[in-house]
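Accompanying notes for the structure given below.
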Amino acid sequence: MNKNWVIKAPGNEDTIASLSRDLEIEKSLARLLVQRGITTREEALEFFHPDLSNLHDPYLMKDMDLAVKRIREAEQAGEKVMVYGDYDVDGTTAVSLIYSFFRNRFREVGYYIPDRYHEGYGISLKGIDYAAEQGCTLIIALDCGIKAVEKIDYAKMKGIDFIICDHHNPGDVIPAAVAVLDPKQEGCPYPYKELSGCGVGLKLIQAYCMDTGLPAEMINEYLDLAVVSIASDIVPITGENRVLAYYGLKKLNEDPSTGLKAIREVAGIRCKEIDIEDIVFKIGPRINAAGRMESGRKAVDLLVSDHPEEAEIISKKINSYNLDRRNIDSEITRQAIEMIRSDPRIQERNSTVLYNPVWHKGVIGIVASRLLEYFYKPTVILTRSNGLATGSARSVNGFDLYQAIESCSDLLINFGGHKYAAGLTMKVKDVPQFTERFDEIVSENITPEQLIPVVEIDTELQLKEINEGFFETLKKFKPFGPENMNPVFLSENVVDNGYGRTVGTNGEHLKLTLIQEENPFKVFPAIAFHQGKIFQKISNGIPFDICYQIMENEFRGTVNLQINIMDIKLD
């Protein structure tokens, strides 16, 4: 699939030159800083050296005083408390964090994760009824609740107070909870708005420690949970999240909780240093698999465990869920691709909408993402659940998926999400009409350029600029993630020096040794995944352009710099 290369605006050249001099770094690295909004030496030093002392005062968050006051009341009165959260990684890590901190402070505390299939996302009436049956008088809700107006009112009638810790955008009406902690709600002066749900929970225990005179360092014990939520929920790794992620990775690598240590083991990442990418692709999916295949409660059981033997048993079970999940989503993806390729009408559309009543509800979001990679069109995948068609949607770069779905709202029972990802439910009989209407709306509003994948390039680079010093400075940009992605570089007129070859079971990848005209005596090892088919075109000395990231490659105990090629252009 062809891709458009888009080079980001470089920033002010005088600022770049000044920053380069002040920090004694290459201009290309200074350019990366300016592109991230860092323009002074002081800002750069703070960026390169995150510090927990730079965390904001939790009491700047609206209602924080009310939340801590109500928790102290529950503690002193010996009330029963329930910690409630969503079934995804952010929800389960947030529940684990709050439960672990308060389990020895409340007389009796339990946790509740709603069932993905019978209760759905967020606060459920079933969960409230269960809390009432257990005699709970306070529920601390995490990663959900900001729109649960009627359900909070229902809980009040049952004699249950709510503290809401959420990070999603609120609706027009804020629930009548005892306290609502959400930096995105109107009138909240908290300076950083992009915390994860687990991050909001962390601020709550930070405030509690301040109120009770406990050491501020107590929150450090939970930073590994915080970074797992930050990485998995794909929130920006900027500002306060960057600080939490930086120290969370240190905790995850040096002294992880019992449960996360067990997940590391089953994920096969015992020896290497874990980074954000490992969480996104290895740790997060395993935690998510519990809620997809059975119950998110299993994930919390693991994450709050203090017993290595118990954690090992649960982590192996969760790993088996993940293997089942991978097999199921691979098979559904295969079936979906076959549906598309066998139907010219689907291929001609500017969107993809597929419905199969037997597809597994727990993996259709993953399938939608995979189809987006294959066909790069706004995609909706639907299955049957509780007599209705329900599904997940994913969008291409720059196209507002949520707005397109909202335009079909008269055909929907409910929907929610944001610009690039959404969930929706409708009557089965309305699927054909939704398919046609959705495609009409997409076709009217999408541009031809939006249907072509984009590679965003940070800056051009000469291969001769790449050395150990350059890479050591580049590593200080970590942890990488949204709004601070691993930089992508462009180098023009590179040539394979004749030692290149295809690798992989079917020769699907390229292993190259590159040189550039400006310095033909310095060679750079490179790998290009899934691009083996162009080997013949580049093996005869024809120059080509590459966009790539720089990585370390370890082989037989030796670590070398390697170019990870993302795309190749021959003309």
*Among (1) closer than 17 Å to E73 by Cα; (2) open to solvent by 40 Å² or more (accessible area, probe 1.4 Å); (3) part of a loop (DSSP other than H, G, I, E, B), the one test that M210 misses*: (3)
*Just one of (1) farther than 27 Å from T238 by Cα; (2) in contact with a helix residue (DSSP H, G or I) (Cβ under 7 Å, 6 or more places away or on another chain) trips up E449, so point out which.*
(2)
*Complete set of residues in the stretch 213-227 that are of a type in the set (A, V, I, L, M) and open to solvent by 70 Å² or more (accessible area, probe 1.4 Å)*: A216
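Restricting to the stretch 464-479, and then to whatever is assigned to a helix (DSSP H, G or I) and in contact (Cβ under 8 Å) with a residue 24 or more places away in the chain, can you tell me which residue is nearest to the chain's Cα centre (by Cα)?
L474
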*Which residues, taken from the stretch 124-154, are small (G, A, S), in contact with a strand residue (DSSP E or B) (Cβ under 6 Å, 6 or more places away or on another chain) and within 26 Å of E186 (Cβ to Cβ)?*
A141, G145
*For I205, work out the one condition from (1) of a type in the set (V, I, T); (2) at pLDDT 95 or above; (3) in a loop (DSSP other than H, G, I, E, B) it doesn't fulfil.*
(3)
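Name the residue, out of F480, F471, F489, that is under 30 Å from D51 (Cα atoms), hydrophobic (A, V, I, L, M, F, W, C) and out of contact with any strand residue (DSSP E or B) (no Cβ under 8 Å at 6 or more places or on another chain).
Values: F471 fails: out of contact with any strand residue (DSSP E or B) (no Cβ under 8 Å at 6 or more places or on another chain); F489 fails: out of contact with any strand residue (DSSP E or B) (no Cβ under 8 Å at 6 or more places or on another chain).
Unique residue meeting the criteria: F480.
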_Can you tell me which residue is farthest from G122 (Cα to Cα) among those in the stretch 186-207 that are open to solvent by less than 10 Å² (accessible area, probe 1.4 Å) and not hydrophobic (A, V, I, L, M, F, W, C)?_
Y190
_Pairs where the first residue, in the stretch 220-241, is in contact (Cβ under 8 Å) with a residue 60 or more places away in the chain and of a type in the set (D, E) and the second is surrounded by 18 or more Cβ atoms within 10 Å (Cβ to Cβ) and not in a loop (DSSP other than H, G, I, E, B), C-beta under 6 Å, 6+ apart_ = D233/D90
*For G145, work out the one condition from (1) surrounded by 24 or more Cβ atoms within 10 Å (Cβ to Cβ); (2) not acidic (D, E); (3) not in a loop (DSSP other than H, G, I, E, B) it doesn't fulfil.*
(3)
*Residues of the stretch 540-571 classified as polar (S, T, N, Q) and touching a residue at least 60 places away in the same chain (Cβ under 8 Å), total*: 1
*Where in the stretch 1-115 are the helices (runs of 4 or more DSSP H), entirely inside, with at least 3 residues that are over 27 Å from the mean Cα position of the chain (by Cα), at pLDDT 95 or above and among the hydrophobic types (A, V, I, L, M, F, W, C)?*
13-23, 64-77
*In the stretch 404-440, the residues that are hydroxyl-bearing (S, T, Y) and assigned to a loop (DSSP other than H, G, I, E, B)*: S407, Y420
*Filter the stretch 290-311 for residues that are within 14 Å of G91 (Cα to Cα) and without any contact (Cβ under 8 Å) to a residue 24 or more places away in the chain and give the result.*
K298, D301
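Name the single residue that is least open to solvent (accessible area, probe 1.4 Å) among those in the stretch 155-185 being among the aliphatic types (A, V, I, L, M) and in a helix (DSSP H, G or I). Let's see the steps before the verdict.
Applying the first criterion (among the aliphatic types (A, V, I, L, M)) to the stretch 155-185 yields 155, 157, 160, 163-164, 173-174, 176-181.
Now drop any that are not in a helix (DSSP H, G or I), which leaves 155, 157.
Working: A155: 0, M157: 156 Å².
Of everything passing the filter in the stretch 155-185, A155 is least open to solvent (accessible area, probe 1.4 Å).
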*Any residue in the stretch 335-362 that's of a type in the set (K, R): show its pairings with residues that are surrounded by 18 or more Cβ atoms within 10 Å (Cβ to Cβ) at Cβ separation under 7 Å, as long as the two are six or more apart or on different chains.*
R349/D439; K361/T383; K361/S385; K361/T390
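Considering each of I274, I263, I314, I287 in turn, give the residue that is β-branched (V, I, T) and without any contact (Cβ under 8 Å) to a residue 40 or more places away in the chain. Before the answer, list the steps.
Details: I263 fails: without any contact (Cβ under 8 Å) to a residue 40 or more places away in the chain; I314 fails: without any contact (Cβ under 8 Å) to a residue 40 or more places away in the chain; I287 fails: without any contact (Cβ under 8 Å) to a residue 40 or more places away in the chain.
Of I274, I263, I314, I287, the one residue that is β-branched (V, I, T) and without any contact (Cβ under 8 Å) to a residue 40 or more places away in the chain is I274.
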*Any residue in the stretch 72-86 that is within 23 Å of E194 (Cβ to Cβ), surrounded by 15 or more Cβ atoms within 10 Å (Cβ to Cβ) and in contact with a Ser or Thr (Cβ under 8 Å, 6 or more places away or on another chain)?*
yes
_Selection within the stretch 289-300 - open to solvent by 40 Å² or more (accessible area, probe 1.4 Å) and either at pLDDT 95 or above or part of a helix (DSSP H, G or I) (or both)_ = R292, M293, R297, K298
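The rows are residues; the columns are (1) under 27 Å from G127 (Cα atoms); (2) open to solvent by less than 70 Å² (accessible area, probe 1.4 Å).
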residue: I237; (1), (2): no, yes
residue: E254; (1), (2): no, no
residue: A267; (1), (2): no, yes
residue: D278; (1), (2): no, yes
residue: G284; (1), (2): yes, yes
residue: S305; (1), (2): yes, yes
residue: P308; (1), (2): no, no
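Could you say which residue among A17, A9 is hydrophobic (A, V, I, L, M, F, W, C), open to solvent by 50 Å² or more (accessible area, probe 1.4 Å), without any contact (Cβ under 8 Å) to a residue 60 or more places away in the chain and closer than 30 Å to E492 by Cβ?
Numbers: A17 fails: open to solvent by 50 Å² or more (accessible area, probe 1.4 Å).
Selected residue: A9, the only one of A17, A9 that is hydrophobic (A, V, I, L, M, F, W, C), open to solvent by 50 Å² or more (accessible area, probe 1.4 Å), without any contact (Cβ under 8 Å) to a residue 60 or more places away in the chain and closer than 30 Å to E492 by Cβ.
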*Please go through the stretch 20-52 and pick out each residue that is closer than 18 Å to F470 by Cα, buried (at least 19 other Cβ atoms within 10 Å of the Cβ) and without any contact (Cβ under 8 Å) to a residue 24 or more places away in the chain.*
A30, L33
_Residues of the stretch 53-71 that turn out to be surrounded by 24 or more Cβ atoms within 10 Å (Cβ to Cβ) and under 15 Å from I139 (Cα atoms), as a count_ = 2
*If a residue has to be within 29 Å of S100 (Cα to Cα), open to solvent by less than 80 Å² (accessible area, probe 1.4 Å) and among the β-branched types (V, I, T) to count, how many in the stretch 310-350 make the cut?*
2
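Residue-wise test of (1) open to solvent by 70 Å² or more (accessible area, probe 1.4 Å); (2) farther than 20 Å from K147 by Cβ.
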site	(1), (2)
Y402	no, no
I413	yes, no
G416	no, no
K427	yes, yes
T435	no, yes
F438	no, yes
P448	yes, yes
V455	no, yes
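The values are calculated or read from the model by the stated rules, or taken from the named source; none is laboratory data. Note that the structure is a prediction, hence the values are computed from the model and not measured. In this analysis, Cβ positions are derived from the backbone assuming ideal geometry, glycine residues included, and neighbour counts consider all displayed protein chains. These area figures cover heavy atoms from the full protein model, side chains too; ligands, DNA and RNA do not enter into them. Shrake-Rupley method; radii C 1.70, N 1.55, O 1.52, S 1.80 Å.
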